[in-house]
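Okay, so here's the structure we're looking at.
The numbers here are math on the coordinates, done by the rules we state, and not lab data. Only a predicted model underlies this, so the values are computations on that prediction, with no experimental measurement involved. Ideal geometry is used to build each Cβ from the backbone, glycine not excepted, and the neighbour counts take in all protein chains shown.
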Amino acid sequence: MSYAPTGVVESIESPDAVLSYTFDGPLPTRERWSGRVTGRIDRVFDNNFWMRSGQIAGTPPIACTYDDGTNTACDLRLATGGLAKDGDT
C-alpha cells in the first residue's frame, strides 16, 4: 500500500492486481483497476463537495441531482447498461 504526502491511499497492490486512487484534496476523483480486472471510475464534485457526475470506463458521464441536499439520483449502473452484480451470482 502506498500513500500520498497528504496521507490518503494512492494505491493498493497484490501479486496480480493494483487499485490506484486519484484525489482532489480529500475527494476521490478516480479509481483505477489494473491486472486481472481492469477499469476505472471517474467522479466530478462541485464546490460543496457533492458528486455532480460519475463515469465508468470512459462511458458518457451520468449526472447526479439532489432533491434537498441529502438524497441523490446518481445511478452509475446506468453507465454499464444496467449491469449489476447479484449477491447470488
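Figures for the structure shown
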{"item": "Scan of the stretch 26-57 for residues that are touching a strand residue (DSSP E or B) at 6+ places or on another chain (Cβ under 9 Å) and free of Cβ contacts under 8 Å to residues at least 12 places away in the same chain, ordered by number", "result": "Thr38, Asp46"}
{"item": "Those residues of the stretch 23-62 which are more than 24 Å from Ser11 (Cβ to Cβ) and touching a Lys or Arg at 6+ places or on another chain (Cβ under 7 Å), in sequence order", "result": "Asp46"}
